[in-house]
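Engineer: Pasting in a structure now, in structure tokens, and then I'll have a few things to ask.
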Amino acid sequence: MAQETIFSKIIRREIPAEVLYQDELVTAFRDIHPRAPTHILIVPNVLIPTANDVEAEHEAALGRLFTVARKLAAEAGIAQNGYRLIVNCNEHGGQEVFHLHMHLVGGKALGPMLAR
Ligand code: DGP
């Protein structure tokens with residue numbers, strides 16, 4: 001069994017977070033250490049530790065990450081100028097919380113995708 005993270009507690013509303021959206025598949029809340037004016041995490045409610053653990057049965061929840069990202073980007077007023085959606089995986093990807101999540105980051109020009 002995969003080890004639960006703090007995100008499971010946020011999803012179950014056991015610890016505080018600024019939750020912006022929740023449905024039966026995903027939960028979205030503000031990142032505690034925002035790297036841009038808008039920095040939201042969108043997570044599947046089911047625990048998938050990393051992108052390496054994705055299975056076909058997760059496709060509905062993972063697709064929902066994108067439709068919720070689109071909705072929240074529009075609500076944040078950043079859709080027109082653009083934004084970045086990021087999923088980090090394991091050590092080289094810089095993943096810190098092992099509950100797969102999509103970062104929705106925007107509200108300023110973000111520069112190159114990767115350090116040159
Ligand atoms: P990653 O490096 O992709 O695993 O990003 C993890 C993000 O999770 C990081 O930007 C900070 C955020 N984070 C970690 N703990 C908490 C928490 O307890 N609450 C909230 N809202 N965000 C958290």
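The values are calculated or read from the model by the stated rules, or taken from the named source; none is laboratory data. Quantities reported herein were computed from a predicted structural model and do not represent experimental measurements. Don't worry about glycine lacking a Cβ; one is built from the backbone with ideal geometry, like all the others, and counts go over all protein chains shown. To get the accessible areas, we keep the full protein, side chains included, count just its heavy atoms, and leave off ligands, DNA and RNA. Shrake-Rupley method; radii C 1.70, N 1.55, O 1.52, S 1.80 Å.
Engineer: May I ask you to list the residues in segment 27-43 that are aliphatic (A, V, I, L, M) and open to solvent by 40 Å² or more (accessible area, probe 1.4 Å)?
Structural biologist: Ile32
Engineer: Which ones in segment 4-26 are open to solvent by 80 Å² or more (accessible area, probe 1.4 Å), within 12 Å of the ligand (Cβ to nearest atom) and in contact with a strand residue (DSSP E or B) (Cβ under 9 Å, 6 or more places away or on another chain)?
Structural biologist: Glu18
Engineer: Kindly evaluate Leu65 against the criterion of being within 14 Å of the ligand (Cβ to nearest atom) and either in a helix (DSSP H, G or I) or over 22 Å from Val105 (Cα atoms) (or both).
Structural biologist: yes
Engineer: From the set of residues in segment 85-98 that are closer than 14 Å to Asp31 by Cα and touching a strand residue (DSSP E or B) at 6+ places or on another chain (Cβ under 9 Å), which is least open to solvent (accessible area, probe 1.4 Å)?
Structural biologist: Looking at residues that are closer than 14 Å to Asp31 by Cα and touching a strand residue (DSSP E or B) at 6+ places or on another chain (Cβ under 9 Å), I get Val97.
Engineer: Ala76 is checked against (1) small (Gly, Ala, Ser); (2) within 15 Å of the ligand (Cβ to nearest atom); (3) crowded, with 16+ Cβ neighbours inside 10 Å and fails just one. What number does that condition carry?
Structural biologist: (2)
Engineer: Please determine, by comparing only the residues of segment 79-101 that are without any contact (Cβ under 8 Å) to a residue 60 or more places away in the chain and either in a helix (DSSP H, G or I) or among the aromatic types (Phe, Trp, Tyr) (or both), which one is farthest from the ligand (Cβ to nearest atom).
Structural biologist: Tyr83
Engineer: Answer yes or no: is there a residue in segment 51-60 that is open to solvent by less than 70 Å² (accessible area, probe 1.4 Å) and assigned to a loop (DSSP other than H, G, I, E, B).
Structural biologist: Within segment 51-60, one or more residues are open to solvent by less than 70 Å² (accessible area, probe 1.4 Å) and assigned to a loop (DSSP other than H, G, I, E, B).
Engineer: If you don't mind, another one. Can Phe29 be described as within 10 Å of the ligand (Cβ to nearest atom) and aromatic (Phe, Trp, Tyr)?
Structural biologist: Yes.
Engineer: Select from segment 99-112 the residues that are open to solvent by less than 50 Å² (accessible area, probe 1.4 Å) and in contact with a Lys or Arg (Cβ under 7 Å, 6 or more places away or on another chain) and list them in ascending order.
Structural biologist: Val105, Gly106
Engineer: Residues Ile10, Ile32: which one is outside any loop (DSSP other than H, G, I, E, B) and on the phi < 0 side of the Ramachandran plot?
Structural biologist: Ile10
Engineer: Here is a check on your reading of the model: is Arg70 of a type in the set (D, E, K, R), open to solvent by 50 Å² or more (accessible area, probe 1.4 Å) and assigned to a strand (DSSP E or B)?
Structural biologist: no
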